[in-house]
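Participant: My structure is below; once you've seen it, I'll send some questions.
Nothing in this text is a laboratory measurement; each read-out follows from the coordinates by a stated rule. Every value quoted in this text rests on a predicted model; they were computed, and no experiment measured them. Note that we place each Cβ from the backbone using ideal geometry, even for glycine, and neighbour counts take in every protein chain shown.
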Amino acid sequence: MNTRHRTAYHFQPAANWMNDPNGLIQHRGVHHMFFQNNPENPWAERIHWGHARSENLIDWKILPNSLSPGQEGADPLSCYSGCAVDNDGQPVIIYTGVAPERACVAFGNDDLSKLEKYDGNPVIAGPPSGLSTPGFRDHSVWREDGGMADDHGLRSERPIRTRARIPFARSPQLGIRRGLCVLGRAGKLPNVGMPGLFQGR
């Protein structure tokens, strides 16, 4: 392989498509990075979750892909972005199953070398009722009030001209309670992708 144009410092997989590093988590003293990857060609199609780990955030070991589209079920076309959380010692992956886009969950083993998809996927089948959007992805989860809360990105064919609206769900045990976060005036907003909401102090 000609490595002339490969980066010497920033992470990249051995070959083919990569985007959206996500699911960054430190578990049992090891840093894990998941990322969008097409292991078969350099195109953004049939996306998997690539996986790398590091002890120092500089030297990364590339591992086999962790999530792959299923032949059936909630993610037959792709496994899009999401996040990883530590749920009382259990690594939990929240990702976007594609066709249509919906929230799915997978559980990691002790060293995150294997992810097992939840049999009940999708855990959120689509955007809240009354909110029309062709995109519903990029889930981000955090702890709140003794449970978990989730926000997700929206894609719109027409700009959202008044306020940025990001739906979220809440759950004591990774279940669902829906809501809508209104962020205020945002002007033209054709795509709210990869949202991350944080509570100020």
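Participant: Using a 7 Å offset from the Cα along the Cα-to-Cβ direction at both E45 and E72, what is the distance between the two label points in nm, to one decimal?
Facilitator: Here the answer is 2.5 nm between the modelled labels.
Participant: Given the C-alpha centroids of segment 112-129 and segment 82-107, what is the distance between them in whole angstrom?
Facilitator: 6
Participant: Would you please put 10-22, 27-39 in order of how densely packed they are, using the mean number of other Cβ atoms within 10 angstrom per residue and starting with the highest? Can you show the working numbers first?
Facilitator: Values: 10-22: 15.0, 27-39: 18.5.
Sorting 10-22, 27-39 by mean packing, highest first, produces 27-39, 10-22.
Participant: Mind giving me the FRET efficiency for S54 and F107? R0 is 22 Å, r the Cβ-Cβ distance, nearest 0.05 is fine. Present the calculation step by step, with values, prior to reporting the outcome.
Facilitator: Working: r = 22 Å, r/R0 = 1.00.
E(calc), rounded to 0.05, equals 0.50.
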